[in-house]
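Here the structure is laid out as structure tokens; the discussion comes afterwards.
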Amino acid sequence: MYRIITILLILFAALANAQQPHFQKLETVNGIASDRVYCVTQDSKGYLWFGTDAGVSSFDGFTFKNFDNRKDLTANEVFEIYEDSKQRIWFLSQNGEVSFYYDDVLHTSKNVSGLAKLQINSDLTSFCERENGDIVFSSLATGIYLLDSNFNATHYNIASVYRVWENSKTSCWHSHLTAFTT
């Protein structure tokens, strides 16, 4: 009996190690907007989102859907992508404009008045969602911007903010180039 169990375990281990991971190279010939990718994130539905120098690409595992400034985005270079608790996919672009994808519609300053009021005009470096649903953006040049659930924007003029994030005590933290602050 002991020999049979041992043989089965060895056979099972050999079969488990026989699996090979599958890699697929994604290039413009496959449909991605550009080969120069700045950021990648996976949303709650399993889609991959790529921020590139030629727009944003969404990949469902089979096909790409691309967004660029010819018809959708306000700028092509997208440096950060983030999914919030409402399953909106947010994009931070090179020109300081914020947009998001929700319910199969791209929302930008062209079709959401609250985003049009969010005049950042500077490179955005990061963003996070607070526990209450507010979205916080950081900019090295112009500070911190808070966008509430009604798309009302508040600006905090704090120089050289590199990154913002939420901690477990619901305090939004930000980092300067030389220090951390709450």
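Residue by residue through the range 49-78, note down the ones that are without any contact (Cβ under 8 Å) to a residue 12 or more places away in the chain and either under 16 Å from V98 (Cα atoms) or in a strand (DSSP E or B) (or both). Give the steps one after another, and end with the answer.
First, pick out the residues of the range 49-78 that are without any contact (Cβ under 8 Å) to a residue 12 or more places away in the chain: 62, 65, 70-71.
K65, K71 - these are the residues of the range 49-78 that are without any contact (Cβ under 8 Å) to a residue 12 or more places away in the chain and either under 16 Å from V98 (Cα atoms) or in a strand (DSSP E or B) (or both).
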*If you take the residues in the range 79-100 that are among the small types (G, A, S) and part of a loop (DSSP other than H, G, I, E, B), which one is farthest from the chain's Cα centre (by Cα)?*
G96
_Considering only residues that are closer than 17 Å to D84 by Cα and either under 20 Å from the mean Cα position of the chain (by Cα) or at pLDDT below 80 (or both), which ones fall in the range 133-152?_
G133, D134, I135, V136, F137, S138, Y145, L146, L147, D148, S149, F151
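Do you know which of the residues in the range 124-145 that are in a loop (DSSP other than H, G, I, E, B) and among the small types (G, A, S) is nearest to Q94 (Cα to Cα)?
Looking only at the range 124-145, we keep the residues that are in a loop (DSSP other than H, G, I, E, B), and these are 130-134, 140-142.
From what is left, the residues that are among the small types (G, A, S) are 133, 141.
Numbers: G133: 24, A141: 13 Å.
For the range 124-145, the residue satisfying everything is A141.
Yes or no: the range 15-26 includes at least one residue that is surrounded by 11 or more Cβ atoms within 10 Å (Cβ to Cβ), within 30 Å of S109 (Cβ to Cβ) and at pLDDT 90 or above.
First, the residues of the range 15-26 that are surrounded by 11 or more Cβ atoms within 10 Å (Cβ to Cβ): 26.
Among the residues that remain, those that are also within 30 Å of S109 (Cβ to Cβ) are: 26.
Narrowing further to those that are at pLDDT 90 or above: none.
No, the conditions are met nowhere in the range 15-26.
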_Matching residues in the range 81-100 - criterion: being without any contact (Cβ under 8 Å) to a residue 40 or more places away in the chain and either in the same structural domain as H155 (by TED's automatic domain parsing) or not hydrophobic (A, V, I, L, M, F, W, C) (or both)_ = R88, S93, Q94, N95, E97, S99
_Which residue is nearest to the chain's Cα centre (by Cα), if the candidates are limited to the range 101-123 and must be surrounded by 13 or more Cβ atoms within 10 Å (Cβ to Cβ), part of a strand (DSSP E or B) and free of Cβ contacts under 8 Å to residues at least 24 places away in the same chain?_
Y102
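The values are calculated or read from the model by the stated rules, or taken from the named source; none is laboratory data. Everything numeric here is computed off the predicted structure, so don't read it as measured data. Backbone-built Cβ (ideal geometry, glycine too); neighbour counts: all protein chains shown.
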